[in-house]
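The values are calculated or read from the model by the stated rules, or taken from the named source; none is laboratory data. Values in this document were obtained by computation on a predicted structure and should not be read as measured data. Here the Cβ is made from the backbone with ideal geometry for all residues, glycine too, and neighbour counts use every protein chain on show.
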């Protein structure tokens, strides 16, 4: 309920879109807590979910790519500030890639969705949600 009271617009989001955003946040660390962003931000900062899964995925993939590696703030993980804490303009200025180019280079298509489902960080969550192709 706390989540809805802080950001009532979240009720209008598609449940599949919310799930994808949640899964994508498994690659992002909250440097203040040291936990995955999805563990702290889902309830405390639900506005996190206003950024589209297309942009989340593209930013993650860019910063994991050879072109984006030099811009990473932490060598071993992606930070909240880099992925969800930057506006479109801030991201473009900081990482030298336009939003359009980013989305074109790293589309969140079926292949990308299969990749995200295969991330180790999402295995436990997906196993608790689905059982042999059915939602539990």
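For segment 21-49: of the residues being in a helix (DSSP H, G or I) and modelled with pLDDT of 85 or more, which is nearest to residue 125 (Cα to Cα)? Result: 23. Consider residue 52 carefully, then state whether it is under 17 Å from residue 103 (Cα atoms) and at pLDDT below 90. In short, yes.
Flag: residue 104 does not match the condition of being at pLDDT 85 or above, surrounded by 12 or more Cβ atoms within 10 Å (Cβ to Cβ) and either farther than 22 Å from residue 121 by Cβ or out of contact with any helix residue (DSSP H, G or I) (no Cβ under 6 Å at 6 or more places or on another chain) (or both).
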